[in-house]
Amino acid sequence: MTSSARPHLNRRLAEFGTTIFAEMSALAVATGSINLGQGFPDTDGPEEVREAAVRALRDGRGNQYPPGPGVPELRTAVAAHQRRRYGLSYDPDTEVLVTAGATEAIAASLLALLEPGDEVVALEPYYDSYAASIAMAGGRRVPVTLRPSFDGGARFRLDLDELRAAVTDRTRLLLINTPHNPTGTVLTRAELAAIAELAVERDLLVVTDEVYEHLVFDDAEHLPLAAFPGMRERTVTIGSAGKTFSFTGWKVGWVTAAPGLVTAVRSAKQFLTYVSSGPFQYAVAEALALPDTYFEAFRAGMLARRDILAAGLTEAGFEVFKPAGTYFITTDIRPLGEKDGFAFCRALPERAGVVAIPNAVFYDDREAGAPFVRFAFCKREEVLREAAERLRGM
């Protein structure tokens, strides 16, 4: 057999082709549609943070390779943020690692902590990089599906018995995402306590993706899993500046964990990007020190956007799962007489001039996700009103 007869892409990544985000964004451009598919804001974040990046560039800070773990100013700011917000104390020198966004933090954590054949229990539907990163590490993903519930309002809920049953002797790690993308669920104190108890009992590592920590609404509260009994020494917590400060293109993320875990993650991370985002690291350090009024106003503004889009989707006939966190709304299209999210989303730009994402791409069990569609509301209010008007008229 010649080398040309063998597929170029290795078998672990064979299921991962061009992402649905690229497909739908191209469709948005081709049709002139409002793109509520990919989760990026259509306005920049705080002017003072942008100017901090410009100042760093002009002062020559970060224009060359920054330190491997991240610039000291940002590591100190991350540690101060964790202490101020959650009472978690981390050493900036040994327990904080700066990454090229949360996506690299996820990949580096899984590459570092998994051996081939290790099982990873993850909450389904899940952010698409989880599956790819587990595959690259040679792990085996084991989904625990969040299921629609209408008890006390439409939301997706975690079945703790299913979670416990998913853990086997081959389980190495739990991959937890709260606030949860794409469903908008925020895990409760009781749910997190049960997860912590299970992790301690079965001696599991936990990677928690908490990038939407500052986007929680109504009565929801973000509680970091690392703050629960027995969890600090076994939890890798991932944060990001992109979602909190609306500079997603800067790709500045971080890991906080015990020294041994950070050392392990850094060992993998150094052979991915090595370092990144030099001048932006200084700017994010200043951003994390913004007063509480910034975070409160940011959350309030996104809450108003959520309510505009949720109302428009409801009026258009969708079943709306109003999110307790993130900046995504999951909807059920069955009340519209539809059942195939892929077909619906591919037709929607021509039908209504709006782009959304079929949730089935976030599921191993595509049938379980088939009737659900995700819309992003991190856009200007006038854009959301126009999108709502278009959807009502479809």
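Summary of values
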{"quantity": "Conditions (1) touching a residue at least 60 places away in the same chain (Cβ under 8 Å); (2) surrounded by fewer than 23 Cβ atoms within 10 Å (Cβ to Cβ); number of the one not met by Val98", "calculated": "(2)"}
{"quantity": "Any hit, region 46-54, residues being among the small types (Gly, Ala, Ser), in a loop (DSSP other than H, G, I, E, B) and surrounded by 20 or more Cβ atoms within 10 Å (Cβ to Cβ)", "calculated": "no"}
{"quantity": "Search result, residues across region 161-194 that are in a helix (DSSP H, G or I), open to solvent by 60 Å² or more (accessible area, probe 1.4 Å) and acidic (Asp, Glu)", "calculated": "Asp161, Glu162"}
{"quantity": "Total residues in region 28-45, condition of a type outside the set (S, T, N, Q), open to solvent by 20 Å² or more (accessible area, probe 1.4 Å) and outside any loop (DSSP other than H, G, I, E, B)", "calculated": "3"}
{"quantity": "Qualifying residue in region 175-187 (condition: at pLDDT 95 or above and more than 26 Å from Phe40 (Cα to Cα))", "calculated": "no"}
{"quantity": "Filtered residues of region 332-346 (kept if in contact with a helix residue (DSSP H, G or I) (Cβ under 7 Å, 6 or more places away or on another chain), of a type outside the set (A, V, I, L, M) and more than 20 Å from Thr19 (Cα to Cα))", "calculated": "Glu338"}
{"quantity": "Region 241-260, residues that are in contact with a Leu (Cβ under 9 Å, 6 or more places away or on another chain), touching a residue at least 60 places away in the same chain (Cβ under 8 Å) and aliphatic (A, V, I, L, M)", "calculated": "Val252, Val255, Ala257"}
{"quantity": "Within region 300-394, helices (runs of 4 or more DSSP H) holding 1 or more residues that are in contact (Cβ under 8 Å) with a residue 24 or more places away in the chain and in contact with a Pro (Cβ under 8 Å, 6 or more places away or on another chain)", "calculated": "341-352, 366-369"}
{"quantity": "Set Arg366, Arg374, Arg392, Arg380: member being at pLDDT 95 or above, open to solvent by 10 Å² or more (accessible area, probe 1.4 Å) and not aromatic (Phe, Trp, Tyr)", "calculated": "Arg380"}
{"quantity": "Residue that is surrounded by the fewest Cβ atoms within 10 Å (Cβ to Cβ) [pool: residues in region 137-160 that are farther than 28 Å from Glu115 by Cα and small (Gly, Ala, Ser)]", "calculated": "Gly152"}
{"quantity": "Candidate set from region 147-188 (those that are over 20 Å from the mean Cα position of the chain (by Cα) and among the basic types (Lys, Arg)); member that is nearest to Glu210 (Cα to Cα)", "calculated": "Arg172"}
{"quantity": "Among (1) under 16 Å from Thr103 (Cα atoms); (2) part of a loop (DSSP other than H, G, I, E, B) - the single one His222 does not satisfy", "calculated": "(1)"}
{"quantity": "Qualifying positions in region 55-81 - closer than 18 Å to Leu288 by Cβ and either of a type in the set (Phe, Trp, Tyr) or in a helix (DSSP H, G or I) (or both)", "calculated": "Arg55, Ala56, Pro72, Glu73, Leu74, Arg75, Thr76, Ala77, Val78, Ala79, Ala80, His81"}
{"quantity": "Selection count where residues are open to solvent by 10 Å² or more (accessible area, probe 1.4 Å) and out of contact with any helix residue (DSSP H, G or I) (no Cβ under 7 Å at 6 or more places or on another chain), scope region 312-331", "calculated": "2"}
{"quantity": "Residue list for region 187-214, restricted to those being in contact with a Leu (Cβ under 9 Å, 6 or more places away or on another chain) and within 18 Å of Tyr327 (Cβ to Cβ)", "calculated": "Leu187, Asp209, Glu210"}
{"quantity": "Residue list for region 101-123, filter: surrounded by fewer than 21 Cβ atoms within 10 Å (Cβ to Cβ) and over 24 Å from Glu233 (Cβ atoms)", "calculated": "Pro116, Gly117"}
{"quantity": "Long-range neighbours under 7 Å by Cβ, at least six apart or interchain, first residue under 16 Å from Thr248 (Cα atoms) and touching a residue at least 24 places away in the same chain (Cβ under 8 Å) within region 45-59, second part of a loop (DSSP other than H, G, I, E, B) and open to solvent by 80 Å² or more (accessible area, probe 1.4 Å)", "calculated": "Arg50/Asp44"}
{"quantity": "Residue check, Phe21 of a type in the set (Phe, Trp, Tyr), open to solvent by less than 50 Å² (accessible area, probe 1.4 Å) and either out of contact with any His (no Cβ under 9 Å at 6 or more places or on another chain) or not in a loop (DSSP other than H, G, I, E, B) (or both)", "calculated": "yes"}
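This table checks each residue for (1) surrounded by fewer than 19 Cβ atoms within 10 Å (Cβ to Cβ); (2) farther than 30 Å from Leu204 by Cα; (3) not hydroxyl-bearing (Ser, Thr, Tyr).
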residue	(1), (2), (3)
Gly260	yes, no, yes
Val265	no, no, yes
Ser276	no, yes, no
Ala287	no, yes, yes
Tyr294	yes, yes, no
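The values are calculated or read from the model by the stated rules, or taken from the named source; none is laboratory data. Not measured: the values here are computed from a predicted model. Counting neighbours? That spans all protein chains shown, and the Cβs are built from the backbone with ideal geometry, glycine included. When the accessible area is computed, the model is the full protein with side chains, heavy atoms only, and any ligands, DNA or RNA have been set aside. Shrake-Rupley method; radii C 1.70, N 1.55, O 1.52, S 1.80 Å.
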